[in-house]
Amino acid sequence: MSVEPYSALAAGYDRVMEHVDYDAWAAYVHMLLRRYADAPTRVVELGGGTGSLALRLQPMGDYDYVLTDGSDAMIARAREKVAATDVPIRCHTADFTTVTREGLPLDGPADAVVLVYDGLNYLLESSAVATLFGRVHDLLRPGGVAVIDQSTPANSENREEDFADEAAVDGFAYVRENQYDPETRRHETTFDLLVDGQSVTERHVQRAYTLAEVQALLDDSSLTVEAAYEGVTTVPAHADSPRIHWVLCRPFD
Ligand SMILES: C[S@@+](CC[C@H](N)C(=O)[O-])C[C@H]1O[C@@H](n2cnc3c(N)ncnc32)[C@H](O)[C@@H]1O
């Protein structure tokens, strides 16, 4: 059986992402929000998955935090994780190309918007990335800041050794295979999953955007670029950076 991306993977997503240092990533995003936003309080995370970043980031700034993701299954998993803690995070299903402030449980515009770990790359057309930037602009207050990452062709080209892996644990097993086409810059990941005895296949397709492509889309957007950093650093990004964190601002009118 073939299913929507993340609908079955949600059950074992945290196992698949065990290698990711969410503590360091949350500390990095918190530092960027402190540096670029004026006393940020209200944070909206887009494409936040099962809430691994949110559960670490919210307490760092005592943020008023709304976690969103386009997948009901990922948000259901996030809700379970949040409910098992005393971290105050409101979880909501929302597609980040259509999300509106009014559609979220918010008392006002966001001081900050966060979207990390490849959410942008799931948008296969440049026009959809432009739409995302418009949505981010509308969620933010004037002077509000967004931290958005992207992976680049360098990331897909240089990770041959990661291109197949598998694991099995507690009723969940996966085999992952990656394929990258440098011509189209489409990166396909196929997950063959066993979830509670049921076999399912999920196909995830991403597009590896270059720094220049995203920069051009931002130049045409209503957001300003405060910084573009390589990986989880404050070193300026360049054309061969595998991952880029953009720090964006909604300008004052
Ligand atoms: C690689 S996961 C990253 C999740 C989370 N940010 C993390 O670091 O663990 C990408 C996430 O983007 C979400 N996503 C992809 N396209 C989306 C869209 N158009 N709107 C909202 N979420 C989307 C997926 O459901 C998935 O949870």
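Summary table
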{"quantity": "Global form of the range 1-156, assessed from the alpha-carbon gyration tensor, a/c cut-off 1.5", "calculated": "rounded"}
{"quantity": "Local electrostatic count at E230 - Lys and Arg +1, Asp and Glu -1, tallied over other residues with Cβ under 14 Å", "calculated": "-1"}
{"quantity": "Protein accessible area in the chain, 1.4 Å probe - carbon and sulfur %", "calculated": "48 percent"}
{"quantity": "Solvent exposure of the chain as accessible area per residue, Å², 1.4 Å probe", "calculated": "45 Å²"}
{"quantity": "Dipole of the chain, positive end: most advanced residue of Q179, Y65, L53 [Cβ charges, Cα centre]", "calculated": "Y65"}
{"quantity": "Rounded accessible area of D86 (nearest 10 Å², 1.4 Å probe)", "calculated": "140 Å²"}
{"quantity": "Rounded to the nearest 20 debye, dipole of the range 155-206 from Cβ charges on Lys, Arg, Asp, Glu", "calculated": "200 debye"}
{"quantity": "Computed FRET value (nearest 0.05) for A168 with T41, which takes r as the C-beta separation and R₀ as 30 Å", "calculated": "0.10"}
{"quantity": "Computed E for T100/A216 - FRET, C-beta separation, R0 35 angstrom, nearest 0.05", "calculated": "0.85"}
{"quantity": "Label-to-label distance, nm, for residues given as T131 and D196 (7 Å Cα→Cβ offset)", "calculated": "3.2 nm"}
{"quantity": "Given charges at beta-carbon only (K, R positive; D, E negative), |dipole| of the chain in Debye", "calculated": "660 debye"}
{"quantity": "Rounded accessible area of T93 (nearest 10 Å², 1.4 Å probe)", "calculated": "50 Å²"}
{"quantity": "Segment E4-R34, length gained on full extension (0.36 nm per residue, minus Cα span)", "calculated": "7.2 nm"}
{"quantity": "Rg/Rh (Cα only; Kirkwood hydrodynamic radius) as it applies to the range 152-238", "calculated": "1.11"}
{"quantity": "Distance in nm between pseudo-label sites at F252 and A76 (7 Å out along the Cβ direction from Cα)", "calculated": "4.7 nm"}
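The values are calculated or read from the model by the stated rules, or taken from the named source; none is laboratory data. Source: prediction; values computed, not measured. Ideal geometry is used to build each Cβ from the backbone, glycine not excepted, and the neighbour counts take in all protein chains shown. What goes into the accessible areas is simple: the full protein's heavy atoms, side chains included, and nothing from ligands, DNA or RNA. Shrake-Rupley method; radii C 1.70, N 1.55, O 1.52, S 1.80 Å.
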